[in-house]
Amino acid sequence: MIVPRILSTGLYVPPTVLTNDELATRIDTSDEWIFSHTGIHARRIASDDQATSDLAVAAGRQALERAGLDPLALDLVLLATSTPDYLGFPSTASIVQNSLGAVNAGAMDLTAACTGFVYALETARAFIAAGTSRYVLVIGAEVFSRILDWNDRNTCILFGDGAGAVLVGPADGPAFFAPSLLRSDGSGAASLLRPAGGTRQPVAQSPSDLAVRMDGRKVYSFAITVVKDIILEILEKNDLTLDQVDWVVPHQANVRIVASAAQRLGLPLEKFYLNMERYANTSGATIPLALSEMDQSGLLKRGQVVVTVGFGAGLTWGANLFRW
Ligand code: UT7
């Protein structure tokens, strides 16, 4: 069987920075409250003429260039997003595939909210291991700033815009990429959703019906349990122990969620890569953004054991496990 490996990374964040202090001039909040409750200081905001595909193309192109791979060699473009350019169709992945000149590739969006990248990376792994695809570009990209109610201090402080990408292909030496764990519990769907705009409620009664609506406490309680459990489960399934893990790359929603999981696992927080302070929660983009920063700054070294953990709307959660 072919063993897949992440061959390169790419990232793009819009240049505009929105700090907590700037937000506090518009709504009743403060940098002190936001940072102490979430670990977030700032987020990036896409310009008016940027859609999700623009961020995705920039990140995807960088991953291809860093690998020196011709876009013609791509078999598949997978885009994890909950903020597509268009509602339903065409897929944003098709727009990205065309912009990249990946004319031999299929393309599809994958929607599993903040767990989307974990699901998409597993899809790439499985397609390559099965011999269906050789090179798959997996991108997580979001423009959450367009689907927020900027008057709702419970949600608008949490999210930001950005994109990350990984190129997955056959390993040219010894490699390890475990089957991922992908989970869902749709009984929690109401905890985090956009009420209107879909077939359930096509017409919004008010503009805020089109925005993110969240029961923060419910999502928080769910997250602190599943993050710990899924890390232990994927390690156990692959005969690995916590002390053999070099990096945990968690979804960047709230540093308190990560710290709680770290404490319950008895792992030092330093093993968890954190960048929500600068970018906030970019949903499906947080994990590839983190992997790209770690790769490009030299933090990640070949052979290190990495676990990624995603969690979010659906409710969904999941984990990938591989050697870098
Ligand atoms: O990808 C998954 C995405 N979602 C998440 O990760 C969300 C998970 N949940 C959380 O991260 C946390 O629940 C929040 C950060 C959303 C909220 O933190 P909390 O410690 O659970 O605060 P809370 O909702 O219990 O609110 C405490 C107080 C309330 O005031 P009262 O009712 O006690 O007077 C809120 O009105 O804090 C108030 N509050 C704020 N104050 C200043 C809520 N948001 C703000 C704010 N600034 N932005």
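The values are calculated or read from the model by the stated rules, or taken from the named source; none is laboratory data. Only a predicted model underlies this, so the values are computations on that prediction, with no experimental measurement involved. Heads up, the Cβs are rebuilt from the backbone with ideal geometry, glycines too, and the neighbour counts pull from every protein chain shown.
The figures follow:
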| read-out | value |
| --- | --- |
| The lone exception for Ala204 - which of (1) of a type in the set (A, V, I, L, M, F, W, C); (2) within 16 Å of the ligand (Cβ to nearest atom); (3) part of a loop (DSSP other than H, G, I, E, B) it fails | (2) |
| Helices (runs of 4 or more DSSP H) completely within the range 217-324 that count 1 or more residues being closer than 22 Å to Leu182 by Cα and within 11 Å of the ligand (Cβ to nearest atom) | 255-265, 286-296 |
| Candidates Ala63, Ala80 - the one that is within 16 Å of the ligand (Cβ to nearest atom) and under 24 Å from Thr132 (Cα atoms) | Ala80 |
| Considering residues of the range 132-189 that are hydrophobic (A, V, I, L, M, F, W, C) and assigned to a helix (DSSP H, G or I) only, the residue farthest from the chain's Cα centre (by Cα) | Ala189 |
| Subset of the range 66-93 (residues that are out of contact with any helix residue (DSSP H, G or I) (no Cβ under 6 Å at 6 or more places or on another chain), part of a helix (DSSP H, G or I) and either among the hydrophobic types (A, V, I, L, M, F, W, C) or closer than 11 Å to Ile139 by Cβ (or both)) | Ala67, Leu72, Ala73, Ala93 |
| Residue within the range 111-122 that is without any contact (Cβ under 8 Å) to a residue 40 or more places away in the chain and either more than 14 Å from the chain's Cα centre (by Cα) or not assigned by TED's automatic domain parsing to the domain that holds Met276 (or both) present | yes |
| Filter result (among the aromatic types (Phe, Trp, Tyr) and either within 16 Å of the ligand (Cβ to nearest atom) or closer than 22 Å to Glu65 by Cβ (or both)) within the range 153-187 | Phe159 |
| The one condition in (1) hydrophobic (A, V, I, L, M, F, W, C); (2) within 16 Å of Asp295 (Cβ to Cβ); (3) assigned to a loop (DSSP other than H, G, I, E, B) that Ala63 fails to fulfil | (3) |
| The listed residue being within 16 Å of the chain's Cα centre (by Cα) and either at pLDDT below 95 or more than 30 Å from Ser260 (Cα to Cα) (or both), out of Leu55, Leu74 | Leu55 |
